[in-house]
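The values are calculated or read from the model by the stated rules, or taken from the named source; none is laboratory data. Computed from a prediction, not measured in an experiment: that's the story for all the values here. Note: ideal-geometry Cβ built from the backbone for every residue, glycine included; neighbour counts use all protein chains shown.
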Amino acid sequence: MRTTTLWELEPRPRKVAVGEFDGVHLGHREVIRGSDTVLTFEPHPLRVVKPEAAPKLLTSLEAKAELIAQLGVRELVVIPFDDGFAQQTAQEFIDHVLVERIGATHVSVGENFRFGHGAAGDTARLESDPRFATRVVPLVEVDGEIVSSSHIRALVQAGEVEAAARFLGAPFQMRGEVVTGDRRGRTLGYPTANIVPDEALVCPGHGVYAARANGDCAAVNVGVRPTFGTGRAVLVEAFLLDRDVDLYGQTLRVDFLARLRGERRFASVDALIDQMDEDVRHTRTLCG
C-alpha cells in the first residue's frame, strides 16, 4: 500500500473511504470494504479545533497505516489537518478534495461522518452530489453494543483488553522503543523489555497481562512497580517467555490478549516471584 499526502496524488478515478479510523475497528473495516483508497487526517481534527476535547488515540499513524494495508487498500491518503484546513467549508471539501484531488467515483463513510467548517457537512450532503456514488455505512454492533473508538478507548483504559479485541477485530496493540528500566527483572529471574507509553496514545490500565511481544508469548506488567517504590512513571515491561535477547533500541510491539490481575504491592520479593511464576504459567496457557 502506498501512503501519500493529498497534494502528491496522481489523478485517477478512486473508490475512497473517508474518516479518522482510529483503531481501524470492525465498524471502520466495514466502511473501508470495497474501497481502493482511504482518506484520513493527521493529527486528529479535535487536536486542532478543540484541543481540550481531543482523546488519547488507539493507534499512531504508523500503526493505523499497517492495519489499513492489511485490508487490501491500494492507497492511504493523509491530509495534514491544520487551522487552514479546518476553515474549509463542506462544499469546498467536496469540490476540491473529493472531486478535484481524489477523483472520487465512489465515497464510503460511516453514518455519523461530519465534515467541513463547523461540521456543517453530513451524509445527506454527500448523497445529494451526482458526481460520485455515496455509500453510507450504518453503525456496526457487537453483542448488542455499538462499535466506536471512544468505547474501545474506555475498555482499554479499564484493562478490559479481551472485550476491546472483540470490537477491534484484533488484539489491542501498542509499540515503542525498548528502553533501559531498573534492571531488576533479571535479578528476579524475569528479564524484561521495557517501553514508555506514548502520552498521546491510550495505555491499558495498570495490571499484568498475557500478550504477544513481537510475536512471542509474553507476560506484561503495566504500571509503576509498587513493591519497590521506585517513584518512576508508568512503564510497560514485557517478559518474553521463550526468548532472551537484547532488544534495547529496537521497536517492540505488544499485542494484549487478556488481563491476568491488577498491579499490587507484595510483602516480600519472594512473594512477588511466586506470583510472577504463576503469571507466567497462566500466560503460557493463554497464548500457547
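Numbers at a glance
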{"quantity": "Residues satisfying the stated conditions in the stretch 262-272, i.e. surrounded by 14 or more Cβ atoms within 10 Å (Cβ to Cβ) and either touching a Leu at 6+ places or on another chain (Cβ under 9 Å) or modelled with pLDDT under 85 (or both)", "calculated": "266, 272"}
{"quantity": "Residue ranges of strands (runs of 3 or more DSSP E) in the stretch 1-78 with at least 1 members among the hydroxyl-bearing types (Ser, Thr, Tyr) and loosely packed, with under 15 Cβ neighbours inside 10 Å", "calculated": "2-5"}
{"quantity": "Residue among 125, 135, 175 that is closer than 25 Å to residue 261 by Cα, of a type in the set (D, E, K, R) and touching a residue at least 24 places away in the same chain (Cβ under 8 Å)", "calculated": "175"}
{"quantity": "Test: residue 161 is touching a Cys at 6+ places or on another chain (Cβ under 7 Å) and surrounded by 21 or more Cβ atoms within 10 Å (Cβ to Cβ)", "calculated": "no"}
{"quantity": "Tally, over the stretch 111-130, of residues that are part of a loop (DSSP other than H, G, I, E, B), in contact with a strand residue (DSSP E or B) (Cβ under 8 Å, 6 or more places away or on another chain) and surrounded by fewer than 17 Cβ atoms within 10 Å (Cβ to Cβ)", "calculated": "2"}
{"quantity": "Qualifying position, being closer than 26 Å to residue 165 by Cα and out of contact with any Gly (no Cβ under 9 Å at 6 or more places or on another chain), among 98, 71", "calculated": "71"}
{"quantity": "Search result, residues across the stretch 48-68 that are within 17 Å of residue 80 (Cα to Cα) and in contact with a Phe, Trp or Tyr (Cβ under 8 Å, 6 or more places away or on another chain)", "calculated": "48, 64"}
{"quantity": "Test for residue 123: is it out of contact with any helix residue (DSSP H, G or I) (no Cβ under 8 Å at 6 or more places or on another chain), of a type in the set (S, T, N, Q) and more than 24 Å from residue 4 (Cα to Cα)", "calculated": "yes"}
{"quantity": "Breaking point among (1) in contact (Cβ under 8 Å) with a residue 60 or more places away in the chain; (2) over 30 Å from residue 270 (Cα atoms), for residue 130", "calculated": "(1)"}
{"quantity": "Failed condition for residue 101, given (1) surrounded by 15 or more Cβ atoms within 10 Å (Cβ to Cβ); (2) closer than 29 Å to residue 173 by Cβ; (3) charged (D, E, K, R)", "calculated": "(2)"}
{"quantity": "Whichever residue in the stretch 143-158 is touching a residue at least 40 places away in the same chain (Cβ under 8 Å) and crowded, with 16+ Cβ neighbours inside 10 Å and, among such residues, is farthest from residue 98 (Cα to Cα)", "calculated": "156"}
{"quantity": "Filter result (of a type outside the set (S, T, N, Q), part of a loop (DSSP other than H, G, I, E, B) and farther than 22 Å from residue 155 by Cα) within the stretch 234-266", "calculated": "241, 242, 243, 244, 245, 246, 247, 248, 249, 265, 266"}
{"quantity": "Residue that is surrounded by the most Cβ atoms within 10 Å (Cβ to Cβ) [pool: residues in the stretch 211-243 that are closer than 20 Å to residue 278 by Cβ and at pLDDT below 90]", "calculated": "225"}
{"quantity": "Residues of the stretch 24-71 classified as touching a helix residue (DSSP H, G or I) at 6+ places or on another chain (Cβ under 9 Å) and on the phi > 0 side of the Ramachandran plot, total", "calculated": "1"}
{"quantity": "Where a residue in the stretch 245-256 is of a type outside the set (A, V, I, L, M, F, W, C) and its partner, wherever it lies, is outside any strand (DSSP E or B) and loosely packed, with under 12 Cβ neighbours inside 10 Å, with Cβ under 7 Å and at least six apart", "calculated": "248/180"}
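Residue-wise test of (1) under 26 Å from residue 253 (Cα atoms); (2) assigned by TED's automatic domain parsing to the domain that holds residue 78; (3) touching a strand residue (DSSP E or B) at 6+ places or on another chain (Cβ under 7 Å).
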position	(1), (2), (3)
8	no, yes, no
15	no, yes, yes
21	yes, yes, yes
25	yes, yes, no
41	yes, yes, yes
53	no, yes, no
57	yes, yes, yes
